[in-house]
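Below you'll find the structure, written out as structure tokens, and then a few comments.
The values are calculated or read from the model by the stated rules, or taken from the named source; none is laboratory data. Quick caveat: nothing in here was measured; it's all calculated off a predicted structure. Backbone-built Cβ (ideal geometry, glycine too); neighbour counts: all protein chains shown. Remember, those area values only see protein heavy atoms, side chains included, never the ligands or the DNA or RNA. Shrake-Rupley method; radii C 1.70, N 1.55, O 1.52, S 1.80 Å.
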Amino acid sequence: MKKNIIKLSVVVPTHGRVNLFEDTLKSLYYQNCKDFEVIISDDSPLIEDRDKIKKLVSLYQYKGMIIKYIFTKPNILQAPNTNQGLKIASGSYIRILHSDDLISPQCIGKEIEFFEKNPEVDFLYHCSIAFSKQLDFVAEQEDVKMNLYKSKFWLDRSIFTHTVLPSCLCFRSSLLSQVKGMDESYKFLCDWQLFFDFVMDSYKKDKSFCCFNAGYVGWRMHEESVSSTLFIEHFLEHERFIRNIIEIYKQEKIVSKRKLKQNIYDATKYRYSRLLNDLKKYKKNNSKFIPYLHYLSFLLSRKYGIVHCLVKLVFIPSQIILILFHFIYQVIFEPKNCIEKIEKKLAFLWK
């Protein structure tokens with residue numbers, strides 16, 4: 001490769017999964033446009049994985065790709081790992097690409113071309129193509145359209161139940177000075193918060209953003225996803241995120257009170273529906289399925305069951321609901337164990 005001007009930085013947070021990461025690197029190497037750098041931000045816990053990733057970085061450096069590797073310590077989680085890559089990005093435009101996702105050969109060139117032709121737009125996003133093993137970008141790119149939207153398109157309703165995947169986001173580096181990267185107080189919802197911050201910045205400045213309807217980004221679906229195994233924690237964190245944005249909605253008066261209540265209802269229903277789906281997946285893949293989770297999934301699946309009761313009461317803290325349910329389950333189905341636990345706690349207090 002000849003030396004190119006760095007117009008765009010690609011930040012790739014890695015956490016093991018070396019075989020998938022290699023596919024991601026290949027999709028970057030075969031880009032038609034070469035005016036970009038790649039920043040590998042690694043927090044892999046295993047030394048052998050980090051060594052393999054560094055070898056791949058060296059290989060693609062030898063092939064002529066502008067690629068950097070950064071590692072501070074293992075298991076720092078998604079937000080800090082992404083942020084340490086964003087901090088050293090030198091391009092005028094930045095995109096995030098997770099280490100298991102892919103982009104088509106035209107992707108980066110199209111993103112740079114769009115920003116150069118539309119200086120008033122600060123960020124764009126792609127509608128992803130979900131895949132599990134193989135992805136044919138050529139077949140998916142026959143009818144790609146670019147649509148400009150105002151922030152109200154998302155703020156009126158969608159942001160409460162949907163977000164944009166980090167691998168689908170591309171933005172001007174100047175936007176980071178306003179948004180400050182991913183919120184590191186979130187373990188899972190940091191990507192949702194980042195997209196919300198982008199939309200809010202657009203709302204305050206009355207700017208538009210762009211959506212590429214499909215064709216350039218492949219989102220790999222697999223069972224190794226962190227949120228697929230820590231779904232209760234994800235469920236509770238989602239509630240905290242919704243509570244936080246509700247306060248912003250009230251301060252900025254983005255929608256009417258009636259509309260905000262409807263959005264809260266939709267968000268609560270979405271959270272419990274997702275919890276039900278996660279419980280079903282967990283039960284299917286785990287022979288030692290926690291008994292009380294079995295009954296929780298049963299109640300969640302009833303048409304007039306717990307979901308419809310809870311969303312009407314909107315925002316009883318989910319921790320209280322789950323703790324109460326666990327306690328009720330124990331009283332009904334495990335009364336002996338429950339009494340023994342209470343006796344032990346009382347005995348401790350009486351010492």
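Points to keep in mind about this one:
- Any hit, segment 203-213, residues being small (Gly, Ala, Ser) and out of contact with any Lys or Arg (no Cβ under 8 Å at 6 or more places or on another chain): no
- Number of positions in segment 87-102 that are open to solvent by 20 Å² or more (accessible area, probe 1.4 Å) and part of a strand (DSSP E or B): 2
- Members of segment 237-261 found to be surrounded by fewer than 15 Cβ atoms within 10 Å (Cβ to Cβ) and either in contact with a Lys or Arg (Cβ under 6 Å, 6 or more places away or on another chain) or in contact (Cβ under 8 Å) with a residue 12 or more places away in the chain (or both), listed by number: Arg240, Arg243, Ile248, Glu252, Lys259, Lys261
- The sole residue among Pro74, Pro105 that is part of a loop (DSSP other than H, G, I, E, B), modelled with pLDDT under 95 and open to solvent by 20 Å² or more (accessible area, probe 1.4 Å) is Pro105.
- Within segment 108-138, being open to solvent by 60 Å² or more (accessible area, probe 1.4 Å) and either in a helix (DSSP H, G or I) or within 19 Å of Leu176 (Cβ to Cβ) (or both) holds for Lys110, Glu113, Glu116, Lys117, Pro119, Glu120, Val138.
- Odd one out for Asn4 among (1) buried (at least 17 other Cβ atoms within 10 Å of the Cβ); (2) touching a residue at least 24 places away in the same chain (Cβ under 8 Å): (1)
- Test: residue in segment 41-54 that is within 25 Å of Ser92 (Cβ to Cβ), modelled with pLDDT of 95 or more and not basic (Lys, Arg): yes
- Taken together, the residues in segment 45-71 that are buried (at least 16 other Cβ atoms within 10 Å of the Cβ), part of a helix (DSSP H, G or I) and within 27 Å of the chain's Cα centre (by Cα) amount to 6.
- For Asn32, the test of being open to solvent by 30 Å² or more (accessible area, probe 1.4 Å) and in contact with a helix residue (DSSP H, G or I) (Cβ under 8 Å, 6 or more places away or on another chain) is passed.
- Members of segment 139-162 found to be closer than 30 Å to Gln262 by Cα, assigned to a loop (DSSP other than H, G, I, E, B) and either open to solvent by 90 Å² or more (accessible area, probe 1.4 Å) or at pLDDT 95 or above (or both), listed by number: Arg157, His162
- Within segment 170-187, tally of residues that are surrounded by fewer than 21 Cβ atoms within 10 Å (Cβ to Cβ), of a type outside the set (S, T, N, Q) and either at pLDDT 95 or above or closer than 26 Å to Arg220 by Cα (or both): 7
- Only a single item in (1) open to solvent by 10 Å² or more (accessible area, probe 1.4 Å); (2) modelled with pLDDT under 95 is not met by Phe212, and it is number (1).
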